[in-house]
Amino acid sequence: MQEHIDTNRAYWDDAVPAHVASAFYDVASFKAGRNTLLPVELTEVGDVAGKTMLHVQCHFGMDTLSWARLGARVTGVDFSAPAIAQARALAAELDIKAHFIESNIYELPAKLDERFDIVFIVFASYGVTVWLPDFAAWTKVAAHFVKPGGFFYLLDGHPVMGMLDFDQALPAFKGSYFDRAPQVWQGEGTYATAEKLEHNTTVEFQHTVGDIVTALADAGLSIEYVHEFPFAAWAALKGMTKGVDGYFHFPPDVPQVPMMMSIKASKPA
Ligand SMILES: C[S@@+](CC[C@H](N)C(=O)[O-])C[C@H]1O[C@@H](n2cnc3c(N)ncnc32)[C@H](O)[C@@H]1O
(Lines give C-alpha, C1' and ligand atoms only; values in the text may rest on other atoms or scores of the structure.)
Protein backbone atom coordinates (compact mmCIF):
# COMPACT_ATOMS: atom_id res chain seq x y z
CA MET A 1 0.00 0.00 0.00
CA GLN A 2 2.81 2.45 0.90
CA GLU A 3 4.42 2.05 -2.51
CA HIS A 4 1.14 2.95 -4.24
CA ILE A 5 0.63 5.91 -1.92
CA ASP A 6 4.17 7.19 -2.67
CA THR A 7 3.67 6.85 -6.45
CA ASN A 8 0.41 8.79 -6.26
CA ARG A 9 1.84 11.45 -3.95
CA ALA A 10 4.65 12.19 -6.44
CA TYR A 11 2.02 12.60 -9.18
CA TRP A 12 -0.12 14.90 -7.02
CA ASP A 13 2.87 16.97 -5.91
CA ASP A 14 3.64 17.64 -9.59
CA ALA A 15 -0.02 18.26 -10.44
CA VAL A 16 -0.40 21.12 -7.96
CA PRO A 17 1.54 23.87 -9.80
CA ALA A 18 0.04 22.76 -13.14
CA HIS A 19 -3.46 22.86 -11.66
CA VAL A 20 -2.92 26.22 -9.98
CA ALA A 21 -1.97 27.60 -13.42
CA SER A 22 -4.86 25.86 -15.23
CA ALA A 23 -8.01 27.36 -16.72
CA PHE A 24 -9.91 24.41 -15.19
CA TYR A 25 -9.23 25.62 -11.65
CA ASP A 26 -9.27 29.34 -12.60
CA VAL A 27 -7.61 30.58 -9.41
CA ALA A 28 -7.94 34.23 -10.49
CA SER A 29 -11.75 34.19 -10.37
CA PHE A 30 -11.66 32.33 -7.05
CA LYS A 31 -9.45 35.09 -5.68
CA ALA A 32 -11.99 37.59 -6.98
CA GLY A 33 -14.73 35.89 -4.95
CA ARG A 34 -16.01 32.92 -7.01
CA ASN A 35 -17.32 30.05 -4.94
CA THR A 36 -15.92 26.85 -6.47
CA LEU A 37 -18.60 24.54 -5.05
CA LEU A 38 -21.03 23.09 -7.56
CA PRO A 39 -24.82 22.73 -7.31
CA VAL A 40 -24.95 19.09 -6.19
CA GLU A 41 -22.79 19.45 -3.08
CA LEU A 42 -24.22 22.88 -2.26
CA THR A 43 -27.75 21.48 -2.30
CA GLU A 44 -27.02 18.15 -0.65
CA VAL A 45 -24.66 19.31 2.12
CA GLY A 46 -26.91 22.30 2.86
CA ASP A 47 -26.26 25.13 5.27
CA VAL A 48 -22.78 24.91 6.81
CA ALA A 49 -22.73 28.23 8.66
CA GLY A 50 -21.14 27.73 12.08
CA LYS A 51 -20.67 23.99 11.50
CA THR A 52 -17.38 22.15 11.90
CA MET A 53 -16.22 20.33 8.78
CA LEU A 54 -13.35 18.09 7.79
CA HIS A 55 -12.59 18.14 4.04
CA VAL A 56 -10.54 15.10 3.16
CA GLN A 57 -8.29 15.01 0.08
CA CYS A 58 -8.80 18.76 -0.31
CA HIS A 59 -6.15 19.25 -3.05
CA PHE A 60 -4.98 22.91 -2.93
CA GLY A 61 -7.99 24.02 -0.96
CA MET A 62 -10.31 26.11 -3.13
CA ASP A 63 -13.37 24.02 -2.22
CA THR A 64 -12.28 24.00 1.44
CA LEU A 65 -11.98 27.78 1.40
CA SER A 66 -15.32 28.05 -0.42
CA TRP A 67 -16.98 26.18 2.47
CA ALA A 68 -15.22 28.60 4.82
CA ARG A 69 -16.59 31.52 2.82
CA LEU A 70 -20.05 30.05 3.49
CA GLY A 71 -19.35 30.07 7.22
CA ALA A 72 -18.03 26.56 7.94
CA ARG A 73 -15.23 26.07 10.47
CA VAL A 74 -13.27 23.86 8.15
CA THR A 75 -10.09 21.78 8.21
CA GLY A 76 -8.66 20.50 4.92
CA VAL A 77 -6.40 17.46 4.72
CA ASP A 78 -4.22 16.30 1.86
CA PHE A 79 -1.02 14.24 1.67
CA SER A 80 0.62 16.56 -0.87
CA ALA A 81 2.94 19.13 0.71
CA PRO A 82 2.71 21.54 -2.28
CA ALA A 83 -1.10 21.27 -2.15
CA ILE A 84 -1.21 22.18 1.52
CA ALA A 85 1.35 24.97 1.07
CA GLN A 86 -0.76 26.43 -1.75
CA ALA A 87 -3.98 26.10 0.29
CA ARG A 88 -2.41 27.90 3.23
CA ALA A 89 -1.05 30.63 0.93
CA LEU A 90 -4.51 31.18 -0.59
CA ALA A 91 -6.11 31.33 2.87
CA ALA A 92 -3.53 33.88 4.03
CA GLU A 93 -3.75 36.02 0.89
CA LEU A 94 -7.56 36.09 0.96
CA ASP A 95 -7.78 36.29 4.74
CA ILE A 96 -10.07 33.27 4.98
CA LYS A 97 -10.04 31.34 8.23
CA ALA A 98 -9.38 27.64 7.63
CA HIS A 99 -7.00 25.02 8.92
CA PHE A 100 -4.90 22.75 6.66
CA ILE A 101 -3.10 19.57 7.59
CA GLU A 102 -0.60 17.64 5.48
CA SER A 103 -1.31 13.97 6.08
CA ASN A 104 -1.88 10.69 4.40
CA ILE A 105 -5.56 10.22 5.19
CA TYR A 106 -4.91 6.78 6.64
CA GLU A 107 -2.59 8.34 9.25
CA LEU A 108 -4.87 11.20 10.24
CA PRO A 109 -6.30 9.72 13.47
CA ALA A 110 -2.77 9.54 14.88
CA LYS A 111 -2.17 13.21 14.04
CA LEU A 112 -5.37 14.89 15.19
CA ASP A 113 -6.47 15.27 18.76
CA GLU A 114 -10.06 14.07 18.75
CA ARG A 115 -11.17 16.42 21.52
CA PHE A 116 -10.72 19.25 19.01
CA ASP A 117 -11.23 17.61 15.66
CA ILE A 118 -14.38 15.53 15.78
CA VAL A 119 -16.60 17.37 13.34
CA PHE A 120 -20.22 17.72 12.31
CA ILE A 121 -19.55 17.06 8.61
CA VAL A 122 -16.86 14.95 6.94
CA PHE A 123 -16.83 15.96 3.29
CA ALA A 124 -15.08 14.33 0.31
CA SER A 125 -15.61 15.13 -3.34
CA TYR A 126 -14.61 14.72 -6.98
CA GLY A 127 -11.70 12.34 -7.31
CA VAL A 128 -11.40 10.62 -3.96
CA THR A 129 -12.20 6.91 -4.11
CA VAL A 130 -9.84 5.92 -6.95
CA TRP A 131 -6.85 6.90 -4.78
CA LEU A 132 -7.81 4.58 -1.94
CA PRO A 133 -6.14 1.16 -1.87
CA ASP A 134 -8.22 0.14 1.16
CA PHE A 135 -11.68 1.66 1.02
CA ALA A 136 -12.91 0.00 4.22
CA ALA A 137 -9.98 1.40 6.24
CA TRP A 138 -10.64 4.85 4.77
CA THR A 139 -14.31 4.78 5.81
CA LYS A 140 -13.26 3.90 9.36
CA VAL A 141 -11.02 7.00 9.40
CA ALA A 142 -13.84 9.14 7.99
CA ALA A 143 -16.42 7.74 10.43
CA HIS A 144 -14.05 8.27 13.34
CA PHE A 145 -14.13 12.03 12.77
CA VAL A 146 -17.93 12.37 12.53
CA LYS A 147 -19.60 13.62 15.72
CA PRO A 148 -22.65 11.67 16.90
CA GLY A 149 -25.55 13.45 15.19
CA GLY A 150 -23.28 14.61 12.36
CA PHE A 151 -22.82 13.18 8.88
CA PHE A 152 -20.41 11.96 6.23
CA TYR A 153 -20.91 13.10 2.64
CA LEU A 154 -19.15 11.76 -0.45
CA LEU A 155 -19.68 12.98 -4.03
CA ASP A 156 -17.46 11.26 -6.55
CA GLY A 157 -17.12 9.52 -9.88
CA HIS A 158 -19.54 6.59 -10.14
CA PRO A 159 -17.78 3.19 -10.14
CA VAL A 160 -19.21 2.58 -13.62
CA MET A 161 -16.79 5.27 -14.82
CA GLY A 162 -14.00 2.78 -14.19
CA MET A 163 -15.38 0.60 -16.98
CA LEU A 164 -15.37 3.32 -19.65
CA ASP A 165 -13.18 3.28 -22.71
CA PHE A 166 -11.56 6.71 -22.42
CA ASP A 167 -10.46 6.63 -26.07
CA GLN A 168 -14.11 6.93 -27.14
CA ALA A 169 -16.13 10.15 -27.20
CA LEU A 170 -19.36 8.54 -25.99
CA PRO A 171 -20.02 5.85 -23.37
CA ALA A 172 -18.48 2.53 -24.37
CA PHE A 173 -17.20 -0.08 -21.97
CA LYS A 174 -13.76 -1.59 -21.81
CA GLY A 175 -13.03 -2.58 -18.21
CA SER A 176 -14.70 -4.89 -15.74
CA TYR A 177 -16.91 -3.44 -13.03
CA PHE A 178 -15.43 -5.95 -10.58
CA ASP A 179 -11.75 -5.31 -11.32
CA ARG A 180 -10.38 -4.59 -7.86
CA ALA A 181 -6.69 -5.02 -8.76
CA PRO A 182 -4.51 -1.87 -8.65
CA GLN A 183 -4.56 -0.20 -12.08
CA VAL A 184 -1.37 1.52 -13.20
CA TRP A 185 -1.82 4.44 -15.59
CA GLN A 186 0.64 6.67 -17.39
CA GLY A 187 -1.06 9.87 -18.45
CA GLU A 188 -0.02 12.71 -20.71
CA GLY A 189 -1.78 15.27 -18.54
CA THR A 190 -4.52 15.33 -15.91
CA TYR A 191 -8.25 16.10 -15.96
CA ALA A 192 -7.30 19.78 -15.55
CA THR A 193 -4.18 20.26 -17.65
CA ALA A 194 -2.53 18.95 -20.81
CA GLU A 195 0.88 19.63 -19.26
CA LYS A 196 2.90 16.40 -18.96
CA LEU A 197 3.93 15.85 -15.36
CA GLU A 198 7.41 14.61 -14.50
CA HIS A 199 5.87 11.92 -12.26
CA ASN A 200 3.01 10.88 -14.51
CA THR A 201 2.33 7.38 -13.15
CA THR A 202 -0.72 6.75 -11.00
CA VAL A 203 -2.03 3.64 -9.28
CA GLU A 204 -5.82 3.70 -9.06
CA PHE A 205 -8.43 1.48 -7.46
CA GLN A 206 -12.01 0.61 -8.37
CA HIS A 207 -14.59 0.08 -5.66
CA THR A 208 -18.11 -1.06 -6.50
CA VAL A 209 -21.24 0.67 -5.21
CA GLY A 210 -21.75 -2.33 -2.94
CA ASP A 211 -18.18 -2.07 -1.57
CA ILE A 212 -18.69 1.63 -0.82
CA VAL A 213 -22.11 1.42 0.82
CA THR A 214 -21.26 -1.69 2.82
CA ALA A 215 -17.98 -0.21 4.10
CA LEU A 216 -19.83 2.88 5.35
CA ALA A 217 -22.43 0.75 7.11
CA ASP A 218 -19.68 -1.42 8.62
CA ALA A 219 -18.01 1.76 9.92
CA GLY A 220 -21.15 2.44 11.99
CA LEU A 221 -22.80 5.03 9.74
CA SER A 222 -26.48 4.98 8.71
CA ILE A 223 -26.95 5.47 4.98
CA GLU A 224 -29.47 8.25 4.28
CA TYR A 225 -29.28 8.08 0.49
CA VAL A 226 -27.28 7.11 -2.55
CA HIS A 227 -27.88 9.39 -5.55
CA GLU A 228 -26.61 8.75 -9.08
CA PHE A 229 -26.05 11.40 -11.75
CA PRO A 230 -25.60 11.13 -15.57
CA PHE A 231 -23.03 13.96 -15.60
CA ALA A 232 -19.59 14.64 -14.19
CA ALA A 233 -17.54 17.50 -12.80
CA TRP A 234 -14.87 16.96 -15.43
CA ALA A 235 -14.87 15.99 -19.12
CA ALA A 236 -14.32 12.27 -18.56
CA LEU A 237 -14.91 11.55 -22.27
CA LYS A 238 -14.42 13.86 -25.24
CA GLY A 239 -18.12 13.86 -26.16
CA MET A 240 -19.09 15.59 -22.92
CA THR A 241 -19.79 19.31 -22.98
CA LYS A 242 -20.03 21.75 -20.11
CA GLY A 243 -23.53 22.87 -19.21
CA VAL A 244 -24.67 26.06 -17.49
CA ASP A 245 -24.80 24.02 -14.26
CA GLY A 246 -20.99 23.69 -14.38
CA TYR A 247 -21.16 19.92 -15.07
CA PHE A 248 -20.12 17.99 -18.17
CA HIS A 249 -22.96 16.15 -19.96
CA PHE A 250 -23.39 13.74 -22.86
CA PRO A 251 -25.70 14.78 -25.69
CA PRO A 252 -29.28 13.88 -24.66
CA ASP A 253 -29.77 11.41 -27.52
CA VAL A 254 -27.09 8.95 -26.38
CA PRO A 255 -27.71 6.30 -23.70
CA GLN A 256 -26.96 7.94 -20.37
CA VAL A 257 -24.73 6.15 -17.88
CA PRO A 258 -24.10 6.98 -14.22
CA MET A 259 -21.08 9.27 -14.01
CA MET A 260 -21.20 10.46 -10.40
CA MET A 261 -22.75 9.31 -7.17
CA SER A 262 -23.31 10.92 -3.82
CA ILE A 263 -23.81 9.30 -0.44
CA LYS A 264 -24.94 10.84 2.79
CA ALA A 265 -24.48 8.72 5.89
CA SER A 266 -25.05 9.88 9.43
CA LYS A 267 -23.71 8.85 12.81
CA PRO A 268 -26.51 8.14 15.24
CA ALA A 269 -26.72 10.77 18.02
C1 LIG B 1 -8.75 14.78 -7.60
S2 LIG B 1 -8.02 15.54 -6.21
C3 LIG B 1 -9.39 16.10 -5.32
C4 LIG B 1 -9.92 17.21 -6.05
C5 LIG B 1 -10.65 18.20 -5.21
N6 LIG B 1 -11.92 17.68 -4.79
C7 LIG B 1 -10.79 19.41 -6.05
O8 LIG B 1 -11.79 19.54 -6.73
O9 LIG B 1 -9.87 20.20 -6.10
C10 LIG B 1 -7.48 14.18 -5.23
C11 LIG B 1 -6.66 14.62 -4.03
O12 LIG B 1 -6.47 13.48 -3.18
C13 LIG B 1 -5.21 13.61 -2.57
N14 LIG B 1 -4.86 12.28 -2.06
C15 LIG B 1 -4.78 11.12 -2.76
N16 LIG B 1 -4.50 10.10 -1.93
C17 LIG B 1 -4.40 10.63 -0.68
C18 LIG B 1 -4.13 10.06 0.61
N19 LIG B 1 -3.89 8.75 0.77
N20 LIG B 1 -4.13 10.88 1.69
C21 LIG B 1 -4.37 12.22 1.54
N22 LIG B 1 -4.62 12.81 0.34
C23 LIG B 1 -4.64 12.01 -0.75
C24 LIG B 1 -4.31 14.16 -3.67
O25 LIG B 1 -3.15 14.79 -3.19
C26 LIG B 1 -5.26 15.14 -4.38
O27 LIG B 1 -5.10 16.45 -3.90
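The values are calculated or read from the model by the stated rules, or taken from the named source; none is laboratory data. Since this is a predicted model, take the numbers as computed values, not measurements. Heads up, the Cβs are rebuilt from the backbone with ideal geometry, glycines too, and the neighbour counts pull from every protein chain shown. SASA here: full protein model, heavy atoms, side chains in, ligands and nucleic acids out. Shrake-Rupley method; radii C 1.70, N 1.55, O 1.52, S 1.80 Å.
Quick one: in segment 13-35, which of the residues that are in contact with a Pro (Cβ under 8 Å, 6 or more places away or on another chain) and open to solvent by 40 Å² or more (accessible area, probe 1.4 Å) is nearest to residue 125 (Cα to Cα)?
Taking the candidates together, the pick is 13.
For segment 139-155, name all the residues that are open to solvent by 10 Å² or more (accessible area, probe 1.4 Å), aromatic (Phe, Trp, Tyr) and farther than 19 Å from residue 41 by Cα.
none
Okay, residues lined up against (1) under 18 Å from the mean Cα position of the chain (by Cα); (2) of a type in the set (Asp, Glu); (3) within 12 Å of the ligand (Cβ to nearest atom); (4) surrounded by fewer than 19 Cβ atoms within 10 Å (Cβ to Cβ):
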{"site": "59", "(1), (2), (3), (4)": "yes, no, yes, no"}
{"site": "63", "(1), (2), (3), (4)": "yes, yes, yes, no"}
{"site": "71", "(1), (2), (3), (4)": "no, no, no, yes"}
{"site": "100", "(1), (2), (3), (4)": "yes, no, yes, no"}
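Tell me, please, whether a residue that is touching a residue at least 24 places away in the same chain (Cβ under 8 Å), within 12 Å of the ligand (Cβ to nearest atom) and not in a helix (DSSP H, G or I) can be found in segment 4-12.
First, the residues of segment 4-12 that are touching a residue at least 24 places away in the same chain (Cβ under 8 Å): 4-5, 7-12.
Filter once more, keeping what is within 12 Å of the ligand (Cβ to nearest atom): 4-5, 7-12.
Checking the rest, the ones that are also not in a helix (DSSP H, G or I) come to none.
So far as segment 4-12 goes, no, none of its residues is touching a residue at least 24 places away in the same chain (Cβ under 8 Å), within 12 Å of the ligand (Cβ to nearest atom) and not in a helix (DSSP H, G or I).
Just to check your reading of the model, which residue among 244, 160, 254 is in a helix (DSSP H, G or I) and either out of contact with any helix residue (DSSP H, G or I) (no Cβ under 6 Å at 6 or more places or on another chain) or at positive phi (or both)?
160
Anything in segment 180-196 that is in a loop (DSSP other than H, G, I, E, B) and not aromatic (Phe, Trp, Tyr)? List them, or say none.
180, 181, 182, 187, 188, 189, 190, 192, 193, 194, 195, 196
Considering every residue within segment 104-113, establish whether at least one is outside any helix (DSSP H, G or I) and within 9 Å of the ligand (Cβ to nearest atom). If you could, list the steps in order and put the result at the bottom.
Narrowing segment 104-113 to residues outside any helix (DSSP H, G or I): 104, 112-113.
Subset that is within 9 Å of the ligand (Cβ to nearest atom): 104.
Looking through segment 104-113, at least one residue is outside any helix (DSSP H, G or I) and within 9 Å of the ligand (Cβ to nearest atom).
Of all the residues that make up segment 36-57, how many are away from the ligand (no atom under 11 Å from the Cβ), farther than 19 Å from residue 231 by Cβ and surrounded by 15 or more Cβ atoms within 10 Å (Cβ to Cβ)?
Summing the residues that are away from the ligand (no atom under 11 Å from the Cβ), farther than 19 Å from residue 231 by Cβ and surrounded by 15 or more Cβ atoms within 10 Å (Cβ to Cβ) in segment 36-57 gives 5.
All but one of (1) within 10 Å of the ligand (Cβ to nearest atom); (2) in a helix (DSSP H, G or I); (3) not polar (S, T, N, Q) hold for residue 89, so report the exception by its number.
In the conditions (1) within 10 Å of the ligand (Cβ to nearest atom); (2) in a helix (DSSP H, G or I); (3) not polar (S, T, N, Q), residue 89 misses (1) alone.
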